[in-house]
């Protein structure tokens, strides 16, 4: 039952992030934003969908009856940082890469200290979520895939931010 609650929470949270992203996308486009990285974006979506599917499949296969309170607490702490990032970026937060000429880069919140805090959070999140239920194969496999994907994504975003 704990896993069902947890995975439902993860799915609802991801859906909420997509809704917020779409809302922000409308605002960005209305304000002259240009989208970048369209070629790799479907792979990011696929990675996250397959990640959730893998969590469910591995849990079903292993039937882990217990969870790690340490990783659960760590995950919720991570969500606090993710919320801080989203609030710091405001209307500029998105799951896609958008740029509006003439707007300065956000330099508040975690962005004062780290260039890409959102990606750092996603890296840790992809590793921690499976570890809550001891789903080691998903943790390892998707941490590696996510690192590969983010190397492409961050290079793309860095190019855009220099324009």
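The values are calculated or read from the model by the stated rules, or taken from the named source; none is laboratory data. Everything quoted here is computed from the prediction, not taken from an experiment. Every residue, glycine among them, receives a Cβ derived from its backbone with ideal geometry; neighbour counts consider all protein chains shown.
For the reader, a short list of remarks on this structure follows.
- Residue match in segment 112-127 (condition: touching a residue at least 40 places away in the same chain (Cβ under 8 Å) and within 20 Å of residue 26 (Cα to Cα)): no
For every residue, the table says whether it meets (1) at pLDDT 95 or above; (2) outside any helix (DSSP H, G or I).
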{"position": "5", "(1), (2)": "yes, no"}
{"position": "10", "(1), (2)": "yes, no"}
{"position": "52", "(1), (2)": "yes, no"}
{"position": "64", "(1), (2)": "no, yes"}
{"position": "73", "(1), (2)": "yes, no"}
{"position": "95", "(1), (2)": "yes, yes"}
{"position": "101", "(1), (2)": "no, yes"}
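- Condition check for residue 20: in contact (Cβ under 8 Å) with a residue 24 or more places away in the chain, closer than 17 Å to residue 119 by Cβ and in a helix (DSSP H, G or I): no
- Scan of segment 110-131 for residues that are under 14 Å from residue 142 (Cα atoms) and assigned to a loop (DSSP other than H, G, I, E, B), ordered by number: none
- Of the residues making up segment 31-42, none is part of a helix (DSSP H, G or I) and either farther than 24 Å from residue 154 by Cβ or touching a residue at least 60 places away in the same chain (Cβ under 8 Å) (or both).
- Flag if residue 106 is surrounded by fewer than 16 Cβ atoms within 10 Å (Cβ to Cβ), under 14 Å from the mean Cα position of the chain (by Cα) and either in contact (Cβ under 8 Å) with a residue 12 or more places away in the chain or part of a loop (DSSP other than H, G, I, E, B) (or both): no
The rows are residues; the columns are (1) closer than 23 Å to residue 46 by Cβ; (2) surrounded by 15 or more Cβ atoms within 10 Å (Cβ to Cβ).
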site: 98; (1), (2): yes, yes
site: 113; (1), (2): no, no
site: 126; (1), (2): yes, yes
site: 138; (1), (2): yes, yes
site: 151; (1), (2): yes, no
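- Selection count, segment 26-54, where residues are surrounded by 15 or more Cβ atoms within 10 Å (Cβ to Cβ) and touching a strand residue (DSSP E or B) at 6+ places or on another chain (Cβ under 7 Å): 5
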